[in-house]
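The values are calculated or read from the model by the stated rules, or taken from the named source; none is laboratory data. Keep in mind the model is a prediction, meaning the values are calculated, not measured. Cβ: placed from backbone, ideal geometry, glycine included. Neighbour counts: every protein chain shown.
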Amino acid sequence: MRFAPEYITHVLNENFEDAKTLFLSPLLAIHHAHLVMLVRTGIVSQGDAQRIRDGLERLSEQQVRAARYDGSCEDLFFYVEGLLIQACGEETAGRLHTARSRNDIDMTMYRMRQREFVLGLLGATLELRRTLLVIADRHRDTVFAAHTHTQPAQPTTVAHYLLGAIEQLERDATRLAAAFATVNACPLGACAITGTGFPIDRGLTSDLLGFDAPTGNTYGSIATVDYLLESAASVSIALAGLGRFVQDLLLWCTTEFGYLRLGEGYVQSSSIMPQKRNPVALEHARAIASKALGQASAIVTAVHNTPFGDVVDTEDDLQPLVFSMFKDATRAVKLVAAALRDADFDRGRMAARAGQNWITVTELADTLTRERGLSFRIAHGVAARFVTEKTAEPSLDAATILDRVARDVTGAPIGWSETELQRILSPMRFVEVRRTPGGPAPEETARAIAASRERLSTDDASWNRAMTRLKAAEDRLRSASEAL
């Protein structure tokens, strides 16, 4: 078959180079696993299997990766098959392709790489959680002004804020683990569409390649793409959450806020302004995450209107995008974790801001309801008028103004001293009384941090088990192939 030069340049050469980079190792593993299965089911003789195995062993991955595409074959699969024919003859080499197709081979290769990518990103999110938990535990008493609608709203603590981000990352881990479970099913044996009439053992090849189990329906095994879209969706959600978190961190790094100071290794100066400490690590993390999010969207766009049976052809051009999405998403998460490890929070500045702009006045209304029996709506009105009149008469004692407002609204003064009122309005008290589960009180965040550490330990163990199982499968496959 002779291909047009333009087709070679714009399609086949590009796909060949991508396949060498991404799929050579899984392709060879599939060859070995399928060969072992063919022997054990009696489809291929022991002697032919040994010659094929020896031919596969003589293939040099380094030489294949160095090969330039010359148009003499369609893709990497046929290029490797040609090398195997050279090594052990067409009659023998040709037996390896019994009971399989490029369709199920390709889908198996894609899943083998994708599960690695999912575990890589999952591992990065676990490391970010570990970093944030250390920081949160250090800052359970560090109060600052939380914002809503871009305006100072209520005091909380750095620990409370970070726990919100940590819990989001915990849910990301759940989504990524579910995506891994979906990906980690083996399509090998589905062949082109309808499976095969040979007595193959799909469970054996699945086990040798480290999958949890074979996929089900043979048509769906080579045609469906939800295994990929589930991963892309999980990545998208994780990146959207990360981006919002990084946006806050960058705001806190501004001179105007001055809450966060990155370590010297994560900032750059200006070529003209020597005073600058540009938080470039977080800026790059934001840009890389945005790039990965765009790639995730492109994956969905690329497959959403492809015919049910044609997804393998689409994935020749799609898989490099999958690789880039996971690579960039993992880079972004790792960069944020690294930048925060030696970052410093300005506790004094954060505490000072937490006492400004009347952001503790919600607690005044709450205290009037708890201690003076007012309905919250009336207490809210008293607090609002108190702020208005105190702002208009800043030199007058706050307690005096509160009594005056209370007489007008309720007919009786409150009777708190200036010291008592200032205690009620203090940011730390605001935080300390909010002991609701999930709230910012230091004892509650301590409990939440301990619980999150337990979840991290559980997720770490699951991640390590998955990594160990893949490595154990590699060892089983190598032993089974050597034993032919």
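What residue, among those in the range 135-150 that are in a loop (DSSP other than H, G, I, E, B) and buried (at least 16 other Cβ atoms within 10 Å of the Cβ), is farthest from the chain's Cα centre (by Cα)?
At the first step, the residues of the range 135-150 found to be in a loop (DSSP other than H, G, I, E, B) are 139-142, 149-150.
Right, trim to buried (at least 16 other Cβ atoms within 10 Å of the Cβ) and you get 139-140, 142.
Values: 139: 25, 140: 26, 142: 28 Å.
Restricting to residues being in a loop (DSSP other than H, G, I, E, B) and buried (at least 16 other Cβ atoms within 10 Å of the Cβ), the top hit is 142.
Condition check ((1) touching a strand residue (DSSP E or B) at 6+ places or on another chain (Cβ under 8 Å); (2) free of Cβ contacts under 8 Å to residues at least 24 places away in the same chain; (3) not hydrophobic (A, V, I, L, M, F, W, C)) across all residues:
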site	(1), (2), (3)
100	no, no, yes
114	no, no, yes
121	no, no, no
129	no, no, yes
137	no, no, yes
145	yes, no, no
162	no, no, no
188	yes, no, no
199	no, no, yes
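Scan the range 440-456 and tell me whether some residue there is within 30 Å of residue 359 (Cα to Cα), at pLDDT 95 or above and not in a helix (DSSP H, G or I). If you could, list the steps in order and put the result at the bottom.
At the first step, the residues of the range 440-456 found to be within 30 Å of residue 359 (Cα to Cα) are 440-452.
Now restrict to residues that are at pLDDT 95 or above: 440-452.
Remaining after also requiring not in a helix (DSSP H, G or I): 440-441.
Yes; the residues of the range 440-456 include at least one that is within 30 Å of residue 359 (Cα to Cα), at pLDDT 95 or above and not in a helix (DSSP H, G or I).
Being farther than 20 Å from residue 220 by Cα and in contact with a Leu (Cβ under 7 Å, 6 or more places away or on another chain) is the filter here; which residues of the range 297-319 pass it?
298, the sole residue that qualifies.
Here is a yes/no grid of residues against (1) closer than 16 Å to residue 85 by Cβ; (2) modelled with pLDDT of 95 or more:
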residue: 26; (1), (2): no, yes
residue: 32; (1), (2): no, yes
residue: 42; (1), (2): no, yes
residue: 48; (1), (2): yes, yes
residue: 51; (1), (2): yes, yes
residue: 55; (1), (2): yes, yes
residue: 62; (1), (2): no, no
residue: 67; (1), (2): yes, no
residue: 71; (1), (2): no, no
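Can you report the number of residues in the range 1-37 which are over 21 Å from residue 318 (Cβ atoms) and of a type in the set (Lys, Arg)?
The number of residues fulfilling the criteria is 1.
Limited to the range 422-437, what total is found for residues that are in contact with a Leu (Cβ under 8 Å, 6 or more places away or on another chain) and not β-branched (Val, Ile, Thr)? Show your work before the answer.
Let us first name the residues in the range 422-437 that are in contact with a Leu (Cβ under 8 Å, 6 or more places away or on another chain), namely 424-425.
With not β-branched (Val, Ile, Thr) added as a condition, the list becomes 425.
The total comes to 1.
Could you say which residue among 287, 352 is without any contact (Cβ under 8 Å) to a residue 24 or more places away in the chain, under 17 Å from the mean Cα position of the chain (by Cα) and over 30 Å from residue 224 (Cα atoms)? Explain how you work it out, then say what you get.
Working: 352 fails: under 17 Å from the mean Cα position of the chain (by Cα).
When all the criteria are applied, what remains is 287.
Only residues that are of a type in the set (Ser, Thr, Tyr) and either in a helix (DSSP H, G or I) or surrounded by fewer than 16 Cβ atoms within 10 Å (Cβ to Cβ) (or both): list them for the range 62-76, please.
Keep residues of the range 62-76 that are of a type in the set (Ser, Thr, Tyr), which gives 69, 72.
Answer for the range 62-76, where residues must be of a type in the set (Ser, Thr, Tyr) and either in a helix (DSSP H, G or I) or surrounded by fewer than 16 Cβ atoms within 10 Å (Cβ to Cβ) (or both): just 72.
Please work out which residue is surrounded by the most Cβ atoms within 10 Å (Cβ to Cβ), limiting yourself to the range 411-432 and to residues that are touching a residue at least 12 places away in the same chain (Cβ under 8 Å), β-branched (Val, Ile, Thr) and in a helix (DSSP H, G or I). Walk me through it before giving the result.
Our first condition is that a residue be touching a residue at least 12 places away in the same chain (Cβ under 8 Å); within the range 411-432, this holds for 414-418, 420-422, 424-431.
Checking which are β-branched (Val, Ile, Thr) leaves us with 414, 424, 431.
Next, from what is left, pick out any that are in a helix (DSSP H, G or I): 424, 431.
Numbers: 424: 21, 431: 28.
Within the range 411-432, the match that is surrounded by the most Cβ atoms within 10 Å (Cβ to Cβ) is 431.
Limited to the range 367-392, what total is found for residues that are surrounded by 13 or more Cβ atoms within 10 Å (Cβ to Cβ) and among the acidic types (Asp, Glu)?
1
How do the pairs read when you match residues in the range 328-347 that are within 24 Å of residue 235 (Cβ to Cβ) with residues anywhere that are among the polar types (S, T, N, Q), using Cβ under 8 Å and keeping only pairs 6 or more apart or on different chains?
Pairs that qualify, where the first residue is within 24 Å of residue 235 (Cβ to Cβ) and the partner is among the polar types (S, T, N, Q), are 328/295; 333/125; 337/131; 340/131; 341/131.
Has the range 464-473 got any residue that is touching a residue at least 40 places away in the same chain (Cβ under 8 Å), over 30 Å from residue 28 (Cα atoms) and surrounded by fewer than 16 Cβ atoms within 10 Å (Cβ to Cβ)? Write out each step before concluding.
Applying the first criterion (touching a residue at least 40 places away in the same chain (Cβ under 8 Å)) to the range 464-473 yields 466-467, 469-470, 472-473.
Next, from what is left, pick out any that are over 30 Å from residue 28 (Cα atoms): none.
Checked against the condition, which is being touching a residue at least 40 places away in the same chain (Cβ under 8 Å), over 30 Å from residue 28 (Cα atoms) and surrounded by fewer than 16 Cβ atoms within 10 Å (Cβ to Cβ), the range 464-473 yields no hits at all.
Of the conditions (1) surrounded by 20 or more Cβ atoms within 10 Å (Cβ to Cβ); (2) in a helix (DSSP H, G or I), residue 408 fails just one. Which one is it?
(1) is the only condition that residue 408 fails.
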